[in-house]
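None of the figures in this text is laboratory data; all of them are computed from the coordinates on show. Just so it is clear, the model here is predicted, and its values are computed rather than measured. With ideal geometry, Cβ positions are generated from the backbone for all residues, glycine too; neighbour counts draw on all protein chains shown.
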Amino acid sequence: MIGPDDPPPFTIINEQGQGKVLLVGDHVSNEIPKSLHNLGLDAESLEQHIAYDIGTRKLINHLSQHLDAPAVLAGYSRLVVDLNRSLEDDSVMPEVSDNTVVPGNQDMSAEHRNQRIHSFYTPYRKAVDSMLHRFRDNGIVPAFISIHSFTPEMAGFARPWHVGILWDKDPRIPVPLMQNLRAHPDDFNIGDNEPYSGKHPADYTIDHHAEASGIPHVSIEIRQDLVNTEDGAECWATILDDALRDILADAELYRVWQSI
């Protein structure tokens, strides 16, 4: 399904980074393999949020350097297969996304669906697992940070948050991170499980790769208009680096956590 002129299903940046952190970007790409003919969508649709999380590739590139951390980045659009969903979720290959019909996702055969899983979904999952195993082979329980972005407006309602911190049971990174961001002199509006919730099963990458194994983790949602330029992405990478610094410096963080 991936042709010779198409990108790979994932890329790893700063692979030899020395930080005890793995960054992941499930939705950084709006690429569609040539064999899928843009899923029947026009070019404008593929530049919208339905196709990818705008600004996240830029942000992760900068944050990876700040933290000296490796990052696994998706190679293709969430419209091809949504890497932040379980395979049992109907939205993993959405027929409709934010009221936009996706023609190439209509009436898929089981064979075609399995080809997408084999070509795009499984390689990404294996790449994340491989990086986590590398940490463990070196005796490190790593921190896991997933980066997403959200639209400034949804369904006619303005979203006031600059950043949303998504989490469920493990408070080790999210709670102090929210405290540090709220203490910033620019008086940011920080969402606690807003505009999405880490308790929702749609947060599959965190659930599958981090929460299930008890490694410290957080999902960070940042408003797209803040990181859709290189300058904005670098600015917010610096802000996040500052807010994470004392948290990631605590040796006690790097332990398997068991909820009571």
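With each run of n ≥ 4 DSSP H residues scored as -39500 (n - 2.57), what mean residue ellipticity at 222 nm is computed for the chain after dividing by its residue count and rounding to the nearest 500 deg cm²/dmol? Walk me through the numbers before you get to the answer.
Details: 7 runs with 73 residues, N = 260.
Mean residue ellipticity, 222 nm, calculated: -8500 deg cm²/dmol.
Compare the peptides 93-106, 199-212 by average per-residue count of other Cβ atoms within 10 angstrom and give them in order, highest first. Present the calculation step by step, with values, prior to reporting the outcome.
Working: 93-106: 15.1, 199-212: 18.1.
Result, highest mean Cβ count within 10 Å first: 199-212, 93-106.
Can you give the Rg to Rh ratio for the chain, taking only C-alpha atoms and Rh from Kirkwood?
Details: Rg = 17.8 Å, Rh = 18.7 Å.
Value, to two decimals: 0.95.
Residue farthest toward the positive end of the dipole of the chain, with Cβ of Lys/Arg at +1 and Asp/Glu at -1: which of 202, 103, 184?
The residue sitting farthest along the positive end of the dipole is 202.
Between residue 42 and residue 109, what is the label-point separation in nm under the 7 Å Cα-to-beta-carbon projection?
My value for the distance between the label points is 3.1 nm.
Could you tell me what % of all Cα pairs in the stretch 101-213 have separations over 25 Å?
Values: 2722 of 6328 pairs.
That tail contains 43 percent of the Cα-Cα pairs.
Given the Cα-Cα distance of residue 212 and residue 91 and 0.36 nm per residue of separation, how much length would full extension add, in nm? Walk me through the numbers on the way to the answer.
Details: separation 121, 0.36 × 121 = 43.56 nm, distance 2.18 nm.
Separation in residues times 0.36 nm, less the Cα-Cα distance, equals 41.4 nm.
Defining a contact as two alpha carbons under 8 Å apart and six or more residues distant in sequence, what relative contact order in percent does the stretch 54-126 show? Numbers along the way, then the final one.
Details: 44 pairs, mean separation 17.8, N = 73.
Reported relative contact order: 24 percent.
Starting from 0.36 nm per residue, how many nanometres of slack lie between residue 192 and residue 245 once their C-alpha separation is accounted for? Can you show the working numbers first?
Details: separation 53, 0.36 × 53 = 19.08 nm, distance 1.98 nm.
Length difference between fully extended and current span is 17.1 nm.
Arranged from highest to lowest average of other beta-carbon atoms within 10 Å per residue, in what order do the peptides 215-226, 177-188 appear? The partial results should precede the final answer.
Details: 215-226: 23.3, 177-188: 13.9.
Ranked by mean Cβ neighbours within 10 Å, highest first: 215-226, 177-188.
Please work out how much length the chain gains when fully extended from residue 169 to residue 225, using 0.36 nm per residue of separation minus the C-alpha to C-alpha distance, in nm with one decimal.
Answer, rounded to one decimal: 17.2 nm.
Over the chain, what is the percentage of antiparallel beta bridges among all DSSP beta bridges, to the nearest 5?
Details: 12 of 29 bridges.
Antiparallel: roughly 40 percent of the beta bridges in the chain.
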